[in-house]
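Notes for the one structure printed next.
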Amino acid sequence: MRIALSIALSVGLATAARADEPVNKAFERDPPGPIALLLSVETGPAYRFAHGESFFLGDVSLLIGADHARWGGGLRIEGQLGESRYGLLSGTPRVAIDFQFRLGSRARLGFDVGYSMLLVDRVTQHDVLGGMMLGPSLEGIVDLVGSPRRGTLYLALRAGVDFDLGSGAPQPTLLLALGWRYPRWR
């Protein structure tokens, strides 16, 4: 009986001593930060090279999703409208899944994978020529001005390549946009 009691007392004291030792911080997880609704609107000029033709477009996009202190993302709905260098009216509706990661207090790196359709108004036959595309894009974002209540004004540069689902031909795009995002990262 004495032996069992002394073993139990020894184990109890050893456990209490270990509880007072400092914990290795490398194995501790950071507490999760708050996740908030992400609303982002961008607009700016865009350039697309498709089927051997240059298209100069105006772009408007809306991103709705979630925002965290380290990442954000959601569904991007985008539309581009403009014309080719020869004056053919063109438009590109696009839907994408977008991810953004924080690089610093005022910078983000984003990427998305989207499905789009290039529509071009043909002059000779008075109808619309269309092609479906799928492709990724990479976006660099720099916050210009921001406040927790009013959101953040930012500048974005996006480059991507869409692949025509019919021919497989790559169609590079470039976009410079001014945007507004709510909420602001803390």
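The values are calculated or read from the model by the stated rules, or taken from the named source; none is laboratory data. A quick note: this is a predicted structure, and the numbers were derived from the prediction, not measured. Neighbour counts are summed over all protein chains in view; Cβ atoms, including those assigned to glycine, are modelled from backbone coordinates with ideal geometry.
Things worth noting here:
- Positions within segment 22-61 being at pLDDT below 50 and not polar (S, T, N, Q), in sequence order: 23, 25, 26, 27, 28, 29, 30
- Selection status of residue 48, under 15 Å from residue 160 (Cα atoms) and of a type outside the set (Asp, Glu): yes
- Residues in segment 101-138 that are surrounded by 14 or more Cβ atoms within 10 Å (Cβ to Cβ), acidic (Asp, Glu) and out of contact with any Leu (no Cβ under 7 Å at 6 or more places or on another chain): 1 in all.
- Test set (1) out of contact with any Phe, Trp or Tyr (no Cβ under 7 Å at 6 or more places or on another chain); (2) in a strand (DSSP E or B); (3) farther than 13 Å from residue 40 by Cβ - residue 65 fails condition number: (3)
- Residue satisfying all of: in segment 54-89; within 30 Å of residue 126 (Cα to Cα) and among the hydrophobic types (A, V, I, L, M, F, W, C); surrounded by the most Cβ atoms within 10 Å (Cβ to Cβ) among these: 55
- Every residue from segment 143-186 that is among the small types (Gly, Ala, Ser) and either closer than 30 Å to residue 54 by Cα or modelled with pLDDT of 95 or more (or both): 156, 159, 160, 166, 167, 168, 169, 177, 179
- Some residue of segment 90-97 being more than 21 Å from residue 57 (Cα to Cα) and surrounded by 14 or more Cβ atoms within 10 Å (Cβ to Cβ): yes
- Some residue of segment 149-163 being among the polar types (S, T, N, Q) and more than 19 Å from residue 60 (Cβ to Cβ): no
- A residue that is in a loop (DSSP other than H, G, I, E, B) and either at positive phi or free of Cβ contacts under 8 Å to residues at least 60 places away in the same chain (or both) occurs nowhere in segment 131-143.
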